[in-house]
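One structure is given below, encoded as structure tokens.
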Amino acid sequence: MAELPEALAELVDDFSAVGPKDRLQLLLELSQELPGLPERYADAADSMEQVHECQSPLFLAVEVDDAERVHLFFSAPPEAPTTRGFASIMHTGLDGEPAADVLAVPDDFYIALGLGEAVSPLRLRGMAAMLSRIKKQVRAHTA
Amino acid sequence: MTALRVSVPRTIVGAMALPADTDPKLADYAHPERLVTTEWLAANLGTEGLVVVESDEDVLLYDTGHIPGAVKVDWHTELNDPVTRDYVDGTRFAEICGERGIGRDTTVVFYGDRNNWWATYALWVFALFGHADVRILDGGRAKWVAEGREMTTEQPTPATVEYPVVERDDVTLRAFKDDVLAHLPKVRSGDGALVDVRSPGEYSGELLHMPDYPQEGAVRGGHIPGAASVPWARAAAEDATFRSRAELEAIYLQEQGLSADDDVVAYCRIGERSSHTWFVLTHLLGFAHVRNYDGSWTEWGNAVRVPVAQGSERG
């Protein structure tokens, strides 16, 4: 596996250090830490990309700044804590990282989080879809 | 404890621990004792013999706050066998119930997100094990929250009780692929019916998966020949409660031509949406013979040489 950005690698370590029940608790805490949208996106859910693979509505916006660093913005309703948790993993692990490092994250990195047992493999597909859409937008911004 | 004299399928006859909700809206349904209102539940929380179970699509939703005293049962991770595509066996089911304080005579009220979609699925699995007194909170989680009723993050710590190891009944309420194949001549002759509860696009074959759920796809699109198309959520009102008996009859009887003595098999993609329809037909409209085909389109649409119809006609 290619090297993960440091913050994402730390998250993977945190998840793999505990059992399935505590992994769920960790995901719940992350879901509560997902930052709200900045002013410029507050009324702009339409301008954000919907990730259809997630079981609940999730909107995603990606910006790449002049220093080629990636900034991620998510919006998901409080009734969708699992989706918020997945988004929060992406935000904590990838926000502010260089575009090249985000593009280098292996598509199946989420397997290392060990959430399959606690969340079910079907539900996890939403996370894979989120990463692939982030990468697609980063590529579009840096092309 | 007195047994209620009501008509319920043979496998789920038994004593009811708590008295039924006598709300007039529920009284119209065929088996009103299978539903409780939010008022009834609020008044009966904490009563001996009652366990409230939350079952959601979102595996973390319960943990963000739930009805006080309610326990969680997750369909994906708990009611499914982790290896074989099947439900848990009697031994595991007894553990799941016992550790949540559910005894064989306990009244179990299920509720959940998304119009009780997963709550009815959990109830159906409990019914496979013949648990007698299973009920749905009409309106589910959404209605309870909308009414501003109490929620808590406090995890209950029920004392473990003995639950007997019961063999699952896979005949009365459940259909397998071979059962559906054997059912097709009955559908053609009009003695039986199939109800496809998926979205119109899945039914016609334009979509190989449910909108927004591409992970549960099939290599062929369409429906089982002869199936009526009735998307499951038509049975739910805006506030997530079930539609009234008259409204449900207008859909399933008048519009679709089903009748209560039909032998019916309902299916969707993995059997969850169709357990909602199974509940509606069996308990709200009083159909005597309804089975849920849990293999559903993820089995049928991937199976070799089974008949498939495409387009919006039943075929």
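Dimensions of segment A:6-142 along the principal axes, based on C-alpha atoms and rounded to the nearest Å, stand at 40, 31, 23, largest first. Take every DSSP beta bridge whose two residues both sit in segment B:186-310, then give the antiparallel share in percent to the nearest 5. Once the DSSP bridges in segment B:186-310 are tallied, antiparallel ones form about 20 percent.
What does DSSP give for the protein assembly as shown in terms of the percent of beta bridges that are antiparallel, rounded to the nearest 5? Could you put the intermediate results ahead of the total?
Working: 14 of 40 bridges.
Antiparallel bridges make up about 35 percent of those DSSP assigns within the protein assembly as shown.
Within a straight-line Cα-Cα reach of under 17 Å, A:Lys136 can be paired with the following aspartates and glutamates, leaving aside sequence neighbours fewer than 8 residues apart in one chain: A:Glu49, A:Glu53, A:Glu63, A:Asp65, A:Glu68, A:Asp95, A:Glu97, A:Asp101, A:Asp107, A:Asp108. Residues whose amide H lies under 5 Å from that of B:Leu35, counting only those 5 or more places away or on a different chain, are B:Ile136; hydrogens are built 1.01 Å from N in the peptide plane.
Per-residue mean of other chain beta-carbon atoms within 10 angstrom of the beta-carbon, peptide A:75-81? Walk me through the numbers on the way to the answer.
Working: counts 0, 0, 0, 3, 10, 6, 9.
That average works out to 4.
Using the Cβ of B:Val306 as centre and a radius below 13 Å, the other residues enclosed give a net charge of 0, where K and R count +1 and D and E count -1. Counting Cβ atoms of other protein chains within 10 Å of each residue's Cβ and taking the mean over peptide A:26-32 gives 2.
The spacing between segment A:82-99 and segment B:21-43, judged by their C-alpha centroids, is 44 Å.
Roughly how crowded by other chains is peptide A:114-123, in terms of the mean Cβ count from those chains within 10 Å of each of its Cβ atoms?
Details: counts 0, 1, 2, 2, 5, 6, 8, 2, 5, 6.
The per-residue average across the peptide is 4.
What is the local net charge at B:Ala17, summed over the other residues whose Cβ is closer than 13 Å to its Cβ (Lys, Arg +1; Asp, Glu -1)?
Local charge sum for B:Ala17: -2.
With Cα atoms defining each centre, segment B:89-128 and segment B:152-166 are spaced 11 Å apart in the structure. Expressed in units of 2.2 N^0.38 Å, where N is the residue count, the Cα radius of gyration of the protein assembly as shown is 1.02.
Close amide-amide hydrogen proximity is noted between B:Ala228 and B:Leu194, B:Val195, B:Asp196, each under 5 Å apart and 5 or more residues distant or on a separate chain (H modeled in the peptide plane; Pro and chain starts excluded). Please report the accessible area of B:His183 (heavy atoms, 1.4 Å probe, ligands and nucleic acids excluded) in Å², nearest 10. The value for B:His183 is about 0 Å².
Could you do me a favour and compute the accessible area per residue for the protein assembly as shown, 1.4 Å probe, result in Å²? List each step's numbers first, then the result.
Numbers: 19190 Å² over 458 residues.
Accessible surface, normalised per residue, equals 42 Å².
For segment B:289-303 versus segment B:234-263, the spacing of their alpha-carbon centroids is 21 Å.
Beta-bridge orientation, chain B: approximately 15 percent antiparallel, per DSSP, counting only bridges with both partners inside.
In this structure, the amide hydrogen of B:Ala236, modeled 1.01 Å from its nitrogen in the peptide plane, lies closer than 5 angstrom to those of B:Arg243, counting only residues at least 5 positions away or on a different chain. Counted as membrane-span-like here are DSSP H helices of chain A whose alpha-carbon atoms extend 24 Å or more along the helix's own axis and whose Kyte-Doolittle mean is -1.0 or above; these are A:121-142. Cross-link reach is defined here as a Cα-Cα straight distance under 29 Å, omitting same-chain residues fewer than 8 places apart; for B:Lys25 the lysines meeting it are B:Lys72, B:Lys143.
The values are calculated or read from the model by the stated rules, or taken from the named source; none is laboratory data. Here the structure is a predicted model, which is why all the values come from computation and not from measurement. For neighbour counting, all protein chains shown are included, and Cβ atoms are generated from backbone atoms with ideal geometry for every residue, glycine included. Side chains are part of the model used for accessible areas, which takes the heavy atoms of the whole protein and leaves out ligands, DNA and RNA. Shrake-Rupley method; radii C 1.70, N 1.55, O 1.52, S 1.80 Å.
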